[in-house]
Amino acid sequence: MQSSDIISQSREIHEWIVEKRRAIHRHPELMYEEFETSRLVQNTLSELGIEYEKDIAVTGVVGLVGNGEGPCIALRADMDALPIHEEADVEFRSEIDGKMHACGHDCHTAMLLGAARVLKDNESEINGTIKLIFQPAEEGGAGGKMMREQGVLEDPDVERIFGLHVSDKLPTGTLASKEGTLLAATSSIRILVSGNGGHAAMPHLTVDPVVTGSKIVVELQTLVSRELDPLESGVISITMVNAGSATNVIPSSMELQGTIRSLTSDGITRLQHRVREVAEGIAMANRCMAEVTFPGNDFPPTVNDGECWELGKISAGEILGEECVSEMGSIMGGEDFSYYTQVIPGCFSFLGVGNPEIGAVYGVHHPKFKVDEDALSLGTAIHVNTAFKALAG
Ligand code: NI
């Protein structure tokens with residue numbers, strides 16, 4: 001299929017894609033609860049006459065277009081929202097208090113539905129099979145891992161996988177990515193500091209977990225600044241601190257939670273090891289106990305295959321214009337797309353949705369996060385062009 005036809009056919013269904021996006025945006029659902037979103041995806045695929053499998057990793061859906069034979073490639077979108085209360089001034093605001101599509105996964109799902117439609121309309125030209133993966137729980141739930149474990153990359157075996165993520169940092173009409181490590185490996189941390197509570201006026205009769213926990217927070221910062229090679233990247237952020245409920249009571253325990261980031265899985269393991277040693281050591285020196293756990297899922301780094309990025313770059317360039325596709329540096333965000341690229345080559349890229357003229361300037365995970373919807377049919381066209389190019393080898 002010619003890229004000019006892909007552009008015009010994607011543009012023709014622009015309003016349809018926007019409608020899908022807005023419908024999903026109004027009803028955000030958190031990880032593994034994407035039942036309505038999943039139903040919308042299933043209904044749309046049914047209307048388009050696309051076969052699909054559902055209930056993979058709880059709410060995941062995989063559609064199949066093409067001739068059912070090899071080669072097979074996959075396009076992936078995520079469907080979950082965040083526990084954020086929306087403050088964006090859009091007419092299709094979230095109708096659910098405290099939940100919002102603040103990471104653009106509504107756009108990802110809608111763009112992939114757009115691609116499903118264009119691909120189905122041109123199915124006779126597809127030399128192979130395209131899997132359309134709609135996955136749950138990217139935001140810390142490792143839905144990608146569960147999808148992979150439930151076999152979405154098999155039968156037929158997926159040779160290469162591609163994904164897009166919207167970015168407010170890039171203007172609409174542009175795309176960026178890179179070969180190699182694009183996104184960080186991540187791990188969450190939980191440290192429970194236990195002491196012995198009592199009256200705040202008699203600290204000598206207590207073992208104060210608040211002072212000890214505070215020392216741990218400060219000391220952990222030196223792991224990155226004093227132990228890591230300055231040319232390597234790492235982050236330790238303690239983001240949640242919980243202790244006490246009265247001004248005159250020293251509590252018995254303090255809970256610290258946060259995240260660790262590194263560009264390599266080894267780096268994460270090293271930081272985890274040192275976080276444990278430092279927390280336990282400081283606790284012991286202060287007569288407390290520290291219980292260190294790394295709950296939830298550790299995401300591996302998202303590593304793009306060189307050839308897949310070459311292909312992604314050319315495909316996006318034909319849609320957006322070569323000058324609108326650029327190389328970027330690695331960033332410390334995490335992505336569970338990494339669970340796919342751990343086992344097969346793939347490429348994850350950022351699609352610009354930033355536009356100061358309409359107030360699309362807030363970052364992802366911000367309550368005022370807004371996207372320039374003009375980018376949606378471009379994302380659809382890039383998906384389709386990438387799929388055709390990937391199948392052509
Ligand atoms: Ni996201």
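Scanning the range 136-181 for residues that are acidic (Asp, Glu), more than 20 Å from residue 54 (Cβ to Cβ) and within 17 Å of the chain's Cα centre (by Cα), we see that the one that is nearest to the ligand (Cβ to nearest atom) is 139.
Screening 126, 133 for residues that are buried (at least 24 other Cβ atoms within 10 Å of the Cβ), among the β-branched types (Val, Ile, Thr) and either under 21 Å from residue 345 (Cα atoms) or more than 12 Å from the ligand (Cβ to nearest atom) (or both) leaves exactly one candidate, 133. The condition of being modelled with pLDDT under 95 and surrounded by fewer than 24 Cβ atoms within 10 Å (Cβ to Cβ) does not hold for residue 53. A search for C-beta distances below 8 Å between a residue of the range 220-240 that is in the same structural domain as residue 257 (by TED's automatic domain parsing) and any residue that is in a loop (DSSP other than H, G, I, E, B), counting only pairs 6+ apart in sequence or on different chains, returns 232/263; 233/184; 233/263; 233/330; 233/332; 234/228; 235/184; 235/332.
When 154, 138 are screened for being touching a strand residue (DSSP E or B) at 6+ places or on another chain (Cβ under 7 Å), in the same structural domain as residue 72 (by TED's automatic domain parsing) and either buried (at least 23 other Cβ atoms within 10 Å of the Cβ) or in a loop (DSSP other than H, G, I, E, B) (or both), only 138 passes. Could we say that residue 92 is within 16 Å of the ligand (Cβ to nearest atom) and of a type in the set (Phe, Trp, Tyr) here? No; evaluated as a whole, the condition is false for this residue. If you go through the range 208-261 and keep only what is of a type outside the set (Val, Ile, Thr) and in a strand (DSSP E or B), you end up with 234, 237, 240, 242, 253, 254, 255, 256, 257, 258, 261. For the range 56-67, the set of residues classified as touching a helix residue (DSSP H, G or I) at 6+ places or on another chain (Cβ under 7 Å) and either modelled with pLDDT under 95 or on the phi < 0 side of the Ramachandran plot (or both) consists of 56, 59, 60, 61, 63, 65, listed by residue number. Restricting attention to the range 95-123, the residues that are touching a Lys or Arg at 6+ places or on another chain (Cβ under 7 Å), more than 13 Å from the ligand (Cβ to nearest atom) and under 30 Å from residue 393 (Cβ atoms) add up to 2.
Of all residues in the range 178-207, those that are in contact (Cβ under 8 Å) with a residue 24 or more places away in the chain and in a loop (DSSP other than H, G, I, E, B) total 8.
The values are calculated or read from the model by the stated rules, or taken from the named source; none is laboratory data. Everything quoted here is computed from the prediction, not taken from an experiment. Please note: Cβ atoms are built from the backbone with ideal geometry, for glycine as well, and neighbour counts cover all protein chains shown.
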